[in-house]
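The values are calculated or read from the model by the stated rules, or taken from the named source; none is laboratory data. Just so we're clear, the structure is a prediction, and the values are computed from it rather than from any experiment. As a convention, Cβ positions derive from the backbone with ideal geometry for all residues, glycine included, and neighbour counts pool all protein chains shown. Each accessible area value is taken on the protein alone, full model and side chains, heavy atoms only, with ligands, DNA and RNA left out. Shrake-Rupley method; radii C 1.70, N 1.55, O 1.52, S 1.80 Å.
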Amino acid sequence: MKPFEKRNVKFQMKSVLLVFLTLPIMSNAQSDLTAIVRGSEILVGGLITIFTSSKTNPNSTTVESVCIKNKMADKVTLIITRPTEEGDEIKKELVIQKDSKECFYDLPKGIYSYEILLSSEEIYKKGEYRIKDKMVITLKEDQKEESKENAKEVGKKEETKTPTD
């Protein structure tokens with residue numbers, strides 16, 4: 001009689017397991033897959049910000065990283081210079097390809113003179129910039145100059161039009 005009872009228990013366990021496995025397949029989800037993926041992204045992002053400590057020291061004399069993105073039509077060269085207290089000069093140069101990003105790491109804080117050179121060695125922009133925190137700078141072509149030229153062309157076209165009766 002004992003072998004019969006063991007067989008019956010095994011059969012019952014298999015049938016319960018089969019029900020648990022097929023039940024989720026037959027039910028409908030309350031949300032679609034994209035909502036589930038977005039929710040998990042938010043959850044993971046929140047957990048990352050909670051468990052990663054900010055290691056920025058406000059009294060630090062260096063910046064962790066300064067990155068430059070190039071959204072211009074061709075490669076550019078960025079040259080930054082800064083005089084030090086000892087009278088020396090810090091000079092750094094980056095060549096940034098089209099649609100790419102390059103970074104300076106462990107850069108001393110301060111005011112830097114910069115030059116942006118086009119691939120034709122023509123100076124695109126020149127000036128000074130204060131670097132005090134980690135940052136990303138995006139280089140874009142000036143839309144203002146292009147729009148002014150287009151406005152002049154449109155203005156010339158409008159002047160040549162003659163009204164019809």
Next item on the list: Looking only at the range 56-95, count how many residues are aliphatic (A, V, I, L, M), open to solvent by less than 30 Å² (accessible area, probe 1.4 Å) and farther than 18 Å from D133 by Cα.
Entry: 5
Next item on the list: Select from the range 37-47 the residues that are among the hydrophobic types (A, V, I, L, M, F, W, C) and either modelled with pLDDT of 80 or more or under 23 Å from D106 (Cα atoms) (or both) and list them in ascending order.
Entry: V37, I42, L43, V44
Check: Taking interchain pairs and intrachain pairs at least six residues apart, which have beta carbon atoms under 6 angstrom, with the first residue in the range 125-150 and over 16 Å from M72 (Cβ atoms) and the second at pLDDT 90 or above and open to solvent by 90 Å² or more (accessible area, probe 1.4 Å)?
Finding: E128/I111; R130/I111
Next item on the list: Would you point out the residue of the range 96-130, among those that are within 19 Å of the chain's Cα centre (by Cα) and either assigned to a loop (DSSP other than H, G, I, E, B) or among the β-branched types (V, I, T) (or both), that is surrounded by the most Cβ atoms within 10 Å (Cβ to Cβ)?
Entry: I96
